Every structure is written in C-alpha cells, then in structure tokens.
Amino acid sequence: MLRCKCTLLLLLCLLMSCLSWSQPSIWQNSSSKLNEAKEGGSREISKLKNWEKWGLDSIYRHSLLLGIRLNTDGWSSGLSYLRNNGPGNKVLWALRFSGLKHEKEIKQQRRDVTYSYLVGNSAYSLGKINNVYTLQIAYGREEILFPALIDGNMSLSVRYAAGPALALLKPYYLNMLYVTYTPEEHAYAQSEHFTKENTDKFLNPANILGSDKWSKGLGETRLIPGLFAELAIALEPGRPESFVKTITIGGNAAIYTSKIEMMAERKAYAYQACFFVGLSFGKRWH
C-alpha cells in the first residue's frame, strides 16, 4: 500500500512539472496571436481613416468634381478637374454635356382615344423638330476673391473658361395618324420627322398620336461645331467635413457655324446663351 501511494505521488509530481513547463508556451502563443489581431485591426482602422480624410485637405494640389446644373434653357452635367498652382490660383479643365429646351416648347398629350390601339398616346411637344444637346470642353482659371467669407469656412472665387463646343441635333419623330377609305376605313400610324412637305400635318394635333421612342433618328444626328465661354462665381468650403460641395452661379454663351433649329415656325439662331446654378461634389488630394 505504501509503495502504491509513493508511485501515485511521483506520477502527480511529474504531471505538475509538465504542466508548469508547457503553460508559459501556451500563454505566450495566445498573447502573440492577440497582439497580431490588434495590429491587423489597427491597420484596417488606419486605412479607413485615411480614406475618410482623403479629399478633405484645406491645402491641396488637385481637385476632381462631378456636377449638375439647372440652366435657363435646360440642364447640364459634367466633370471638372482643378489644379491648385498656388494661393488663389487654380487651373480648370472641364467636360460638360447639356440638353437644351426651347422657351416655347410645351408637352401635351392626345385626348382622343379612338385610334389609341395603333400606338400609345405618349406625350409630345407640338412644333418641335430636333432634340438638341451640346458638348463643351473647357479650359480656364479660378481666382479666389474672398478666402474666408463666413467664419473662415467658406471661400468665394471667380471662374472663367472657354473652349470648343459641339451641338448635336437629333430629328424629333412623331407617330402620325393616317386614315384611308377604300371603301372601308383603314387607319395606320407612321413615324415622321418635320419636313416642308408635311408641315401642315406635323403641326396639327388632330393628326398626331404621340412621340416616337427617343432612339428614333439617332443615326441622323447632325453635328455643328462652335466655340463657347462662361463666367461663374464659385462658393465652396475651406475645410470640408465630407465630399467637397461647390455651388456655382453664372452664365454660358456659345456661337456655332450653323443655326440651331429646335422648333418649327420659330426663328433659329447660330448662338446660344443661358444663366445657370449648379452643385458639384468631389474630392481633394495632394
């Protein structure tokens, strides 16, 4: 019995010594893995903070903005890049696409449903002969007027730019109603754009079922080159807390090599001018 107790005590001592030898290794490995996890998390958080701060610098070299505008003759959207060459001196490049609308253009819809089974009575603009769009490539400058207009957080600048312009005239198609009697009544719809031969029919609402799909006539688009210039006031934050938001107010004028025809029986001009208000979002970086 005494011998068994001694043997059991010896085995217990050996087990305790093994545990005491292996325990530091276990804790050491766990601590190492925990430190690695913390370091990895810190790196990810640092990357996220760097992304959040990217583009929010008060002192920056480059700025990229995506903007939309409401014009007195339509709408426009575009992309602008500004390079900061020094205090109050920036170089501007911009690409802008606009859709023009004539002041006399009014949407209306056929109320008579007698022949609605031919095509849908979609809304149309009576007298419209072309969808007109413009593409402008700008080069200019931005000069700061007041660097700290509102509590040092808002700056006021003037922008002026000029460059080539391109007007795109896509024929406007209407679904016209035709009725023949041979001797029975036969009605059908035919898609047409404005011509001198169909003037009376094209301008008579009784003969119009509605507008055709926008893509109709896309291959017949005419390109008219020209030049443009614009002047605007830009109001933007000096120390933005989110995407840079710039408000622009100004005017744009262009002259083309041919008349921009939009409406029938309305005088067309080889120039176009408008006032606008715009909002831009973007980022700044060194």
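The values are calculated or read from the model by the stated rules, or taken from the named source; none is laboratory data. Keep in mind that this is a model prediction, so the values were computed, not measured. Backbone-built Cβ (ideal geometry, glycine too); neighbour counts: all protein chains shown. These area figures cover heavy atoms from the full protein model, side chains too; ligands, DNA and RNA do not enter into them. Shrake-Rupley method; radii C 1.70, N 1.55, O 1.52, S 1.80 Å.
Data table
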quantity	calculated
Neighbours by Cβ (under 8 Å, 6+ apart or cross-chain): first from region 240-252, open to solvent by 80 Å² or more (accessible area, probe 1.4 Å); second modelled with pLDDT under 90 and of a type outside the set (A, V, I, L, M)	F243/G55; F243/G282; F243/K283; K245/E236; K245/P237
Strands (runs of 3 or more DSSP E) wholly inside region 128-220 containing at least 2 residues that are within 25 Å of the chain's Cα centre (by Cα)	130-146, 154-171
Set S155, S98: member being in contact with a Pro (Cβ under 6 Å, 6 or more places away or on another chain) and surrounded by 14 or more Cβ atoms within 10 Å (Cβ to Cβ)	S155
Selected residue (criterion: farthest from A161 (Cα to Cα)) from residues of region 82-116 that are modelled with pLDDT under 85 and not in a loop (DSSP other than H, G, I, E, B)	G86
Check on K201, open to solvent by less than 60 Å² (accessible area, probe 1.4 Å), in contact with a Gly (Cβ under 8 Å, 6 or more places away or on another chain) and among the basic types (K, R)	no
Region 222-239: number of residues that are surrounded by 14 or more Cβ atoms within 10 Å (Cβ to Cβ) and either outside any strand (DSSP E or B) or in contact with a helix residue (DSSP H, G or I) (Cβ under 9 Å, 6 or more places away or on another chain) (or both)	1
